[in-house]
Amino acid sequence: MSTGVRRRMGVEERRQQLIGVALELFSQRSPDDVSIDEIASAAGISRPLVYHYFPGKLSLYEAALRRASDDLAARFAEPHEGPLGARLLRVMHRFFDFVDEHGPGFSALMRGGPAVPADGVRSRDHVSATNALIDSVRQAAYEQILAHLRVTEAPPRLELVVRSWISLVESTALIWLDGRRIPRAELELQLVHDFAALASVSAAYDEEMAALIGPVLKEEPADGPFGDLVGRLVALAS
């Protein structure tokens, strides 16, 4: 029979619990609207105890952002097997899973964090730290895409295509969160089509890009995402 005695958490275990609780609350509402009191209540501890583990809401928010950014970056990891279009579609599905589950927190991460932290004016160090987290997610996505293309050193046009596409994915997700007016599955497929279109247009202008992208496109099945794009374009032009 339970004695009702609550197990005492270690320091790191308690810190991780608070980060998880904060991340859950930040996923439901804008971080600006979540108070330390709410975080303490959800964690089942007192407000002063939260401050024992974190100096203030801003430091807790940054810790939650680090966990979220690590999770988001991991969504771009995908085995290098099978057609590229299908791989990218699975990546987009996992990416939008994160966006869907962590809407307000995702928006805050991409837009640089809370506007006015509860425990003081946003410092230059905070802005730099948040930007570094965002850049780490973008860089992880960039490196994953290059790995899928079997490229270690990207030529200028390929770097432009991949980084432009990553920016497009971010901005599309942020716009979609404002009302979710377009079916999610359609956007996921459209973004895979966008990658193929950007890469193909660049390849049409540059022999080096053509040599990189041509073999990838030839491996794509007719019933895959890239084949679907070709069918749609042919139908549009007919």
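Taken one residue at a time, the phi angles of the range 210-222 give Karplus couplings (6.51, -1.76, 1.60, θ = phi - 60°) of 4, 5, 7, 7, x, x, 5, 5, 5, 7, 6, x, 5 Hz. Gly and Pro are set to x.
For the chain, adding -39500 (n - 2.57) for each run of n ≥ 4 DSSP H residues and dividing by the number of residues yields -24000 deg cm²/dmol at 222 nm. Going by accessible surface with a 1.4 Å probe and the largest first, T152, T172 read T152, T172. Measuring nothing but protein heavy atoms, the accessible surface of the chain at 1.4 Å probe radius is 56 percent carbon and sulfur. Residue by residue, the range 61-67 carries 3J(HN,Hα) couplings of 4, 5, 5, 5, 4, 4, 5 Hz when phi is fed to the Karplus relation 6.51 cos²θ - 1.76 cosθ + 1.60 (θ = phi - 60°); x denotes Gly or Pro. Ranking I36, P221, L65 by how far each Cα lies toward the positive end of the dipole of the chain (charges on Cβ) leaves I36 at the top.
For the range 126-238, the solvent-accessible area with a 1.4 angstrom probe is 55 square angstrom per residue. Go through (i) 7, 30, 37, 21, 5, 0; (ii) 7, 28, 28, 19, 12, 6, 1, 0; (iii) 8, 35, 39, 16, 2, 0 and flag the label whose value is the computed P(r) over Cα pairs in 10 Å bins from 0, in percent for this structure. Comparing each candidate, only (ii) matches the computed number. Scalar couplings 3J(HN,Hα) for the range 140-147, obtained by applying the Karplus form with A = 6.51, B = -1.76, C = 1.60 to θ = phi - 60°, are 4, 5, 4, 5, 5, 5, 4, 4 Hz; x denotes Gly and Pro.
Is the range 10-70 best put as rounded, prolate or oblate by its Cα gyration tensor, with a ≥ b ≥ c the root eigenvalues, rounded for a/c under 1.5, and otherwise prolate when a/b is larger than b/c, oblate when not? The shape class here is oblate. Considering the range 146-238, its Cα convex hull presents a mean projected area of 6.9 nm².
As a rough guide to protection, the peptides 208-215, 74-81 ranked by mean Cβ packing within 10 Å, highest first, stand as 208-215, 74-81. Calculated FRET efficiency, S167 to E13, Cβ-Cβ distance, R0 = 45 Å: about 0.75 to the nearest 0.05.
The values are calculated or read from the model by the stated rules, or taken from the named source; none is laboratory data. Every value quoted in this text rests on a predicted model; they were computed, and no experiment measured them. Don't worry about glycine lacking a Cβ; one is built from the backbone with ideal geometry, like all the others, and counts go over all protein chains shown. Surface areas here come from the heavy atoms of the whole protein model, side chains and all, with no ligands, DNA or RNA. Shrake-Rupley method; radii C 1.70, N 1.55, O 1.52, S 1.80 Å.
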